1. Note the per residue figure in Å³ for the convex hull of the C-alpha positions in region B:1-155.
2. Indicate the gyration tensor shape class of region B:163-238 (rounded, prolate or oblate), computed on the Cα atoms with a ≥ b ≥ c the square roots of the eigenvalues: a/c under 1.5 is rounded; otherwise a/b larger than b/c is prolate and the rest oblate.
3. Return, for the Cα atoms of the protein assembly as shown, the radius of gyration and Dmax in Å, separated by a comma.
4. Can you give the mean number of other chain Cβ atoms that lie within 10 Å of the Cβ atoms in peptide A:137-145?
5. Compute the relative contact order of chain B as a whole-number percentage, counting only Cα pairs closer than 8 Å that sit 6 or more residues apart in sequence.
6. Computed FRET efficiency, Cβ-Cβ of A:L226 and A:I347, R0 25 Å: what is it to the nearest 0.05?
7. Once you have all Cα-Cα distances for region B:62-126, histogram them in 5 Å bins from zero and send the whole-percent values.
8. Can you list residues from other chains, or at least 5 along the same chain, whose modelled amide H is less than 5 Å from the amide H of A:E220?
Amino acid sequence: MTLPTSSAAALELTNICKSYGDVPIIHGIDLAIKPGSFVVFVGPSGCGKSTLLRMIAGLEPITSGDLVIDGQRMNEAPASRRGIAMVFQSYALYPHMDVYQNLSFGLETAKMRKAEIAERVSRAAKILKIEPLLRRKPRQLSGGQRQRVAIGRAIVREPRLFLFDEPLSNLDAELRVQMRVEISNLHRDLGTTMIYVTHDQVEAMTMADQIVVLNGGRVEQTGSPLDLYNYPRNLFVAAFIGSPRMNIFPTSALSEGIAGDFATTHSLGVRPEHLVAGPADVGLGSIAVEVVEHLGDVTILHGRLPNSHHGVTVTLSGQVEIKPGATLPIGVSRSNLHRFDRGGLRINDGAKL
Amino acid sequence: MSHAARSPLAGYMFLLPWLIGFLGLTLGPTLYSLYLSFTSYNLLSPPVWVGLENYVRLFTADAKFWASMRVTFVFVILSVPLKLSFALAIAILLDRGIRGLPVYRAIFYLPSLLGGSVAIAILWRQIFGRNGVLNLVLAQFGIEGASWISDPRYSLLTLVALAVWQFGSPMIIFLAGLRQIPTDMYEAASMDGASRRRIFFLITLPLLTPVIFFNFVIQTIDAFKAFTPAFIVSNGTGGPANSTLFYTLYLYQEAFGNFRMGYAAALAWVLLVIIALFTAFAFLTSRFWVHYDE
């Protein structure tokens, strides 16, 4: 679905700022979110992603700028009038109410008819497979079940916008993967616009249609997961997206023969998975291998470049027989090189945007 | 002696100061008073075993016992809910995050520090007496006040007022309890559009029930045991017309006025049983109205 005009955006932020007293936290954010999309705000802790989400929710006053939801300016509208439902990091379930009461609380507040409440609750319970749990108290539920109830509480309100504030951070790794898939499925089934905040770039990459990378209260880059992976606009995004993180070499750390090819370049970025053993377009010399991690599907080497001893991480596919202390010639295809200038901004060439 | 055999002894040695205090000053006298409650004892001659006679007389032939029981129950029933409501109301006001909270908290707590003292009980007499401060203020508005303390209709109420005035310690506990309620519960409710009133009754109050329960039990036990104010305000008589004859005051009169130690011990044990029954009842019913998080 393409909706080019900004007035058709489900949510539009124009120069949104936030200060606490004299301390600015968010520095003028512009963002348009298409209806039905799944947008992830990602960034390190303290980058302002949760504050931004809370401003959209109406839990935090907006210092300046415009917040427009479905074409209506909503800066001053109370949270309950914005047609938004939020899933909290802590789930914020009411411990003294059972699951049914937790789900129906908002609807009862809105003075909906009993029959309609019952219908909406049972529909949400069915979607989330929590029907057998409706008479349980939150303390009798597992972490994953509580998570579902928290999502259910948002679903029953049939909002035009879902907000998720790091919803999976309290779950163990296995459950996190499972819930990730379920939330993605839920988004596909409901088709409602969702905004999801996380510090975990894997969650961002796997779930988002559009990722907004935030850092220090500014948007570093906005784009699809693969845009960010393939064309990081600056060093921050380059290092933040991808795991293990991208190798960033100052050109001074490279042997002279190579550095000469990149006169205008201040640093070079190469993702560990793009480094290859043996001959390539651009040879980086033989690295001294220090640590070898066998993950089964891939082998990750941590080593040092010749001469400069700059650290380097290499991900080789498959199971590679190599011992710490060995040396290994590595290189990279020219098309997989990312070049950055002195200010850390991407240098575009023909091959890359 | 091996290390293993020596260590429990060392443990008991460390325990000894407390143990001596507990056995000598708490458990010993408690058991002795239980024994005394089955005796006739005037402090001068040795106690004489009389079996259940003290208890039988209490329940069958002592109008003053019932009068004092009534005063204490009325006091408990009036003062505890009033005090707790007041404490909760002030705690909620302070929890709104006003400037200078620590100062207000200290000021509001002050009466609790002073309240049980003799000086305050005397002050109360000055305020509620016929020519007291309260009547002087009322006179400014052309109202002729009663003699609050010497009128049996009002005398107990002045003591209830004194108790409610000491709302500080339950207030501090309520305040701590309110702070424990996660803000995202309120945020979730506010996103649902819940009014302040709805949030208070459906979120705050239920989540505060463990603290309410605690305060309720502690304050009720305290109210059953109230003594000093009644003693000072009525000069130890429980007057006028036994209207402030608290159970503990009657006990005191029997023990140290009439030197009927055995009878007073029986009174004390009846009060202990009443408090124990009340507490047990409170705990048994708590599972129907107290919500624990985990």
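Derivation of every value follows stated rules applied to the coordinates shown; laboratory data play no part. Remember, predicted model here, so these are calculated numbers, not experimental data. In this analysis, Cβ positions are derived from the backbone assuming ideal geometry, glycine residues included, and neighbour counts consider all displayed protein chains.
1. On the way: hull volume 44.5 nm³, N = 155.
Normalising the Cα hull of region B:1-155 by residue number yields 287 Å³.
2. On the way: a/c = 3.93, a/b = 3.38, b/c = 1.16.
Taking the square roots of the gyration eigenvalues as a ≥ b ≥ c, region B:163-238 is prolate.
3. My reading of the Cα-based Rg and Dmax gives 36.9, 114 Å.
4. Numbers: counts 3, 2, 4, 0, 0, 0, 0, 0, 0.
Across the residues of A:137-145, the mean count of other-chain Cβ atoms within 10 Å is 1.
5. Numbers: 310 pairs, mean separation 83.2, N = 294.
Taking the mean separation of contacting Cα pairs over the length of chain B, I get 28 percent.
6. Numbers: r = 20 Å, r/R0 = 0.80.
Approximately 0.80, to the nearest 0.05.
7. So the P(r) values, bin by bin, are 4, 13, 14, 17, 19, 14, 9, 5, 3, 2, 1, 0.
8. Amide H to amide H, under 5 Å and 5 or more residues apart or across chains, A:E220 pairs with A:V213, A:L214, A:N215.
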